[in-house]
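The values are calculated or read from the model by the stated rules, or taken from the named source; none is laboratory data. These numbers come from a predicted model, not from an experiment. So basically every Cβ, Gly included, is an ideal-geometry build from the backbone, and we count neighbours across all protein chains shown. Ligands, DNA and RNA are excluded from the accessible area calculation, which covers all protein heavy atoms including side chains. Shrake-Rupley method; radii C 1.70, N 1.55, O 1.52, S 1.80 Å.
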Amino acid sequence: MTVTGPQGFRAAGVAAGIKASGALDLTLVVNDGPLDVAAGVFTRNVIKAAPVLWSQEVLKQQRLKAVVLNSGGANAATGPGGFQDTHATAEKVAEVLQAGAIEVAVCSTGLIGERLPMDAVLSGVDTAFKALDASPEAGLNAAKGVMTTDTKPKQAFAKHDSGWSAGGFAKGAGMLAPNLATMLSVLTTDAVVDKETLDRALRAATRVTFDRLDVDGGTSTNDTVLVLASGASGVEPTEAELTELLTAVSHDLVLQLRADSEGATKDVDVTVQGADTEADAIAVARTIAEDNLVKTALFGSDPNWGRIAMALGRVPARIDPETVSIAINGVTLFAQGMPAADRSEADLTGRAIEIVVDLGVGEGTATIYTTDLSHGYVEENSAYSS
């Protein structure tokens, strides 16, 4: 179940000819209502792609009828012409849906710095419109249509006991540190909700899910997470219930993104607890997660806690070496300023690795979801544009 799981949504994924391979490369998601409430969060990168600038603008009214997404080109750093291409895409979707362009968000993903083949994009919108359907297959094709270096589509769905639900898809395999890979995600819900509540719920959900994914420290020019609410279930959940379900769906997608990230052989949770503040916990965990020496040690299944100590010690946070402890896969290897166990006691041969750092100075806690740094990652990214 995916974006078409909740009531009131249709989707399609088609091969528009943007990619030379002939793979699915254009996705359309339509909200049939009765509500058209929407919210979004976007990349914090100062260099924002044209579709991000467009979608940020149309989201000011927090209403969306549709989202159109393409893979095969990021439409980033393409100047005024690239923005005109985004506008033309939204106008085309508005035309086939008999809606306004201001009701259409646009997302793109792929290589930065090249204009899109607009004949293919615009004709692809016509093809996608004709293929719109509420079936699981249509939702799956929509998830496939945004894939770049992903090896599999990422979908998630959750249903509340009271009858309303949330679903979604995401893409991203590299340049993955949303900080809110090249990452795009569309979430849907059939809950009855006002725009202010939906916005708060999305921001609360992404803060502890998409914002905590950090595969390689690369915050993309195109990162976008959108949520559309149709109200078709007729059920109005509390804000806490809405936040909880959106968080569950987002967390599921984040774990799928991490598992399929470029070259990954380890799924790594870096948890920092006992920090002075949550901000300190996030900063320490993110620094450990992004450190290449830590990541290469994990690739080699080497429980080299010294590299973790080095990484955390360079963060401008409140850190007392005498109160810090470092555990890997349940074995405390460093505590009170000295080794606490032989590093060979920590088994890193499996895919799942849990690093827990306790700073011992406060109540702040956070987890960053990351991976190792493998030969595969280097090889794939060294040849990406060619």
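Is there a quick way to get the dipole size of the chain? I mean about its Cα centre, with the Cβ of Lys and Arg at +1 and of Asp and Glu at -1; what is the value in debye to the nearest 20? Kindly include the intermediate steps, with their values, before the conclusion.
On the way: 29 positive and 49 negative charges, 157 e Å.
So the dipole magnitude of the chain works out to roughly 760 debye.
Using all alpha carbons of the chain, what is the percent of pairwise distances in each 20 Å bin, ordered from the shortest bin to the longest?
30, 53, 17, 0
For the range 38-99, state the semi-axes of the equivalent ellipsoid (square roots of 5 times the eigenvalues of the alpha-carbon gyration tensor), sorted largest first and rounded to whole angstrom.
Semi-axes (√(5λ), whole Å): 19, 15, 10.
Cross-link partners among lysines for LYS295, C-alpha distance below 16 Å, same-chain residues fewer than 8 apart left out?
Filter leaves LYS266.
How far apart, in nm, are the 7 Å Cα→Cβ label points at GLU345 and ASP133?
5.7 nm
Once you have all Cα-Cα distances for the range 231-344, histogram them in 5 Å bins from zero and send the whole-percent values.
Once binned at 5 Å, the Cα pair distances of the range 231-344 give 2, 10, 16, 19, 17, 12, 9, 6, 4, 3, 2, 1.
Put +1 on the Cβ of every Lys and Arg and -1 on every Asp and Glu Cβ in the chain; which of ALA12, LEU253, ALA158 then has its Cα farthest towards the positive end of the dipole?
Positive-most Cα among the choices belongs to ALA12.
Give me, ordered by chain and number, the residues 5 or more places off LYS154 or on other chains with an amide H under 5 Å from its own placed amide H.
ALA170
How large is the accessible surface per residue of the range 1-74, computed with a 1.4 Å probe and reported in Å² as a whole number? Provide the component values of the computation, followed by the final result.
On the way: 2510 Å² over 74 residues.
Counting only protein heavy atoms, the per-residue value for the range 1-74 is 34 Å².
Given Cβ point charges of +1 (Lys, Arg) and -1 (Asp, Glu) and nothing else, what value in debye, to the nearest 20, does the dipole of the range 88-188 about its Cα centre take? Don't skip to the answer; put the middle values down first.
Values: 8 positive and 10 negative charges, 69 e Å.
Computed charge dipole of the range 88-188: roughly 340 debye.
From the residues GLY217, GLY168, PRO237, which one has its Cα farthest along the dipole of the range 145-247 in the positive direction, the dipole being from +1 and -1 charges on Cβ of Lys/Arg and Asp/Glu about the Cα centre?
Most positive-ward Cα: GLY217.
Using alpha carbons only, how many angstrom separate the centre of the range 113-177 from the centre of the range 179-254?
15 Å
Hey, what do the phi angles of the range 3-17 turn into as Karplus ³J(HN,Hα) couplings, whole Hz, using 6.51/-1.76/1.60 and θ = phi - 60°, x for Gly and Pro?
Result, rounded to whole Hz: 4, 8, x, x, 5, x, 10, 10, 8, 7, x, 9, 8, 8, x.
Relative to the Cα centre, what is the charge dipole magnitude of the range 314-382, using +1 at the beta carbon of each Lys and Arg, -1 at the beta carbon of each Asp and Glu, and rounding to the nearest 20 debye?
140 debye
Taking loop as defined by DSSP and a crowding limit of 15 other beta carbons within 10 Å, which trypsin sites (Lys or Arg not before Pro) in the range 302-386 fit? Walk me through the numbers before you get to the answer.
Values: sites: ARG307, ARG314, ARG318, ARG343, ARG351; in loops: ARG314, ARG318, ARG351.
Counting only loop positions with at most 15 other Cβ atoms within 10 Å, the trypsin sites (Lys or Arg not before Pro) in the range 302-386 are ARG314, ARG318, ARG351.
Show the residues, 5+ positions off or on another chain, whose built amide H is closer than 5 Å to the amide H of LEU187.
LEU226, VAL227, LEU228
Just the projected area, averaged over all directions, of the convex hull on the alpha carbon atoms of the range 81-152: how many nm²?
Taking the Cα atoms of the range 81-152, their convex hull projects to 5.5 nm² on average.
Go through the range 260-272 residue by residue and turn each phi into a ³J(HN,Hα) via Karplus (6.51, -1.76, 1.60, θ = phi - 60°); whole Hz please, and just put x for glycine and proline.
9, 5, 4, x, 5, 10, 9, 9, 10, 9, 10, 10, 10
In whole percent, and with a 1.4 Å probe on the protein chains, what portion of the accessible area of the chain is carbon and sulfur? Walk me through the numbers on the way to the answer.
On the way: 7440 of 14600 Å².
The value for the chain is 51 percent carbon and sulfur by accessible area.
Return the subset of LYS65/LYS159; LYS171/LYS195; LYS92/LYS144 for which the Cα-Cα distance in this structure is over 28 Å, preserving the input order.
Violating the 28 Å limit, Cα to Cα: no pairs.
Using a simple spin-label model with points 7 Å from Cα along the Cα→Cβ vector, what separation in nm is obtained for GLU57 and ASP32?
3.1 nm
Rounded to the nearest 0.05, what FRET efficiency do ALA352 and ARG318 give with R0 = 45 Å and r taken as the Cβ-Cβ distance? Could you check?
So, using R0 = 45 Å, E works out to roughly 0.90.
Given only helices, namely DSSP H runs of n ≥ 4 each adding -39500 (n - 2.57), what is the per-residue ellipticity at 222 nm of the chain, to the nearest 500 deg cm²/dmol?
-10000 deg cm²/dmol
Once Lys and Arg get +1 and Asp and Glu get -1 on their Cβ, which of LEU359, VAL104, ALA264 lies farthest toward the positive end of the dipole of the chain?
It is VAL104.
Once amide H atoms are placed 1.01 Å from N in the peptide plane, what residues at a sequence separation of 5 or more from GLU236, or on another chain, have their amide H within under 5 Å of its amide H?
Placed amide hydrogens put VAL192 under 5 Å from GLU236.
Give me the net charge of ASP126's neighbourhood, meaning all other residues with Cβ under 15 Å from the Cβ of ASP126; Lys, Arg count +1, Asp, Glu -1.
That works out to -2.
Please give, to one decimal in nm, the separation of the simple spin-label points placed at VAL96 and ASP161, each 7 Å out from Cα toward the Cβ.
Result: 4.2 nm between the two label points.
Solvent-accessible area of HIS160, probe 1.4 Å, all protein chains present, reported in Å² to the nearest ten, please.
50 Å²
I need the Debye-formula profile for the range 259-302: one equal scatterer per C-alpha, no solvent, reported as log10 I(q)/I(0) at q = 0.14, 0.17, 0.33 1/Å, two decimals.
-0.38, -0.54, -1.16
Apply the Karplus curve 6.51 cos²θ - 1.76 cosθ + 1.60, θ = phi - 60°, to the phi angles in the range 127-140 and return the couplings in whole Hz, x for Gly and Pro.
So the Karplus estimates, Gly and Pro as x, are 5, 5, 4, 5, 8, 4, 7, 9, 7, x, 5, 5, x, 5 Hz.
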